[in-house]
1. Within the set of pairs 6 or more residues apart or between chains, which connect a residue that is loosely packed, with under 10 Cβ neighbours inside 10 Å inside the range 117-136 to a residue that is at pLDDT 85 or above and not in a loop (DSSP other than H, G, I, E, B) with Cβ atoms less than 8 Å apart?
2. Do we have residue 98 as loosely packed, with under 13 Cβ neighbours inside 10 Å and either assigned by TED's automatic domain parsing to the domain that holds residue 133 or β-branched (Val, Ile, Thr) (or both) here?
3. Scan the range 73-99 and report the pairs whose first residue is within 17 Å of residue 139 (Cβ to Cβ) and whose second residue is assigned to a helix (DSSP H, G or I), with Cβ atoms within less than 6 Å and a gap of 6+ or a chain change.
4. Scan the range 52-72 and tell me whether some residue there is surrounded by 13 or more Cβ atoms within 10 Å (Cβ to Cβ) and touching a His at 6+ places or on another chain (Cβ under 9 Å).
Amino acid sequence: MQEIYELSNSYYEIVPTKHTTGHMPQPIKTLGEVGRLFDMLNNLEYISHMSKIYLGALSKQTKMNPLDYIHKIFNTEFKVLDKSALEYKMLHEYIDNTWSQRGGGMYVANIFSVNKKGESEAMAEHRDLTNQKLLFHGSSTENFVGVFYQGM
């Protein structure tokens, strides 16, 4: 039990937490607590990275469009799909069918193709597989940076 107290103290020294006045932080005793705290640290790391990316984009906005900055740091290339393209038609039909079953309310403004440098090459060995699926992600504009950072 002493080792649990020491490890818990080490954690709380590195990651300060807010506790009710007069109450001491409790030892981390279960794997569930470890998992919860691990997820919290991952979220804090994510927020830290996103803040730095947004600040970098803002600091460069007089020289470069913030979206161009984000594309550059993530090595991504966007392409707006033409509305006559087969990929566009397939996705639009899928979205219409899905949302009509849920009562409507979805509007497709644009559909983008996103390519990340090196991903095509990494996936080349899987091109001959017969069970491939079209992958797409519907999202609001403010979520794109997170998708680029964490992947899908």
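The values are calculated or read from the model by the stated rules, or taken from the named source; none is laboratory data. Source: prediction; values computed, not measured. Glycine gets a Cβ as well: all are built from the backbone with ideal geometry, and neighbour counts include every protein chain shown.
1. Every condition considered, the pairs that remain are 134/87; 134/90; 134/91.
2. yes
3. 74/148; 76/148; 81/87; 81/88
4. Scanning the range 52-72 turns up no residue that is surrounded by 13 or more Cβ atoms within 10 Å (Cβ to Cβ) and touching a His at 6+ places or on another chain (Cβ under 9 Å).
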